[in-house]
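Here, each number is a calculation from the coordinates, and none is a lab measurement. The structure displayed is predicted, hence computed values, not measured ones. Virtual Cβ from ideal backbone geometry, glycine too; neighbours counted across all protein chains shown.
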Amino acid sequence: MSRSTIAVDGNEQRGLILDFAGVLTASPVDVHRAWCVSEGLAPGAWRGTLNDHPEGRRLYTALEIGEIGQTEWNQGTAALLGKHVDPVNLMGRAWANVPVASRMVALARSARAAGHRLALLSNSFGLDPFNPYEHVGIWDLFDVHVVSELVGLAKPDPAIYELALELIGVPAEQCVFVDDHAVNLPPAAELGITTVHATDEDISVAELEVLLGVTATTVA
């Protein structure tokens, strides 16, 4: 885990800024591999197409910042995956079985109940026809939503972290940012935000409990 050093006061209002995929959900890797097999594809086809194929990467980058919508992305990416792949709700079908990270969500609920401000800071993978945030029921946890598709910026652009700070209304030195991609952490740390690299849900939750002075229990 990576974090800057700040004084912690459990009674002080803090800002908790959370990434979505891999933080508020479990890692999607195994689910995507299983989905690929169910579609008659090689297990690594999803990640390979989105991350390594030049056109696949271009389409995904355009989707993240709202240059194209999810329906257009579905059409273009399905064609790259294979002629037999149905483009209808492609993103939704691939993500449907990715589970929510229940302990992290409980931590977020407890933090908000304790008076901390919460911001979602997410690189989007589209909102329509499949809305991943509503699908796992986390949208209403947050005071602030900074979704790349909606703001035209994506991590690790420093401007998106500055926007999150402006909207959350808490000084950077009193904020904590959690992301599963290490590349997204340094721009936040450079602004004075404490950063947590989420590689294991239990470890990350335990660290946040200390930083925020809360316990990850479900709040009625």
(message) Need pairs with beta-carbon distance below 6 Å; first residue more than 29 Å from residue 120 (Cβ to Cβ) and within region 20-47, second basic (Lys, Arg) and surrounded by 14 or more Cβ atoms within 10 Å (Cβ to Cβ); sequence gap 6+ or separate chains.
(response) 43/33
(request) Hey, can you tell me all the residues within region 158-181 that are crowded, with 16+ Cβ neighbours inside 10 Å and not in a helix (DSSP H, G or I)? (result) 170, 175, 176, 177, 178, 179, 180
(message) With the requirement that a residue be assigned to a helix (DSSP H, G or I) and within 20 Å of residue 166 (Cα to Cα), what does region 109-138 give you?
(response) 111, 112
(request) State all residues of region 76-95 that are outside any loop (DSSP other than H, G, I, E, B), surrounded by 15 or more Cβ atoms within 10 Å (Cβ to Cβ) and not hydroxyl-bearing (Ser, Thr, Tyr); if no residue qualifies, say none. (result) 76, 78, 80, 81, 90, 91, 92, 93, 94, 95
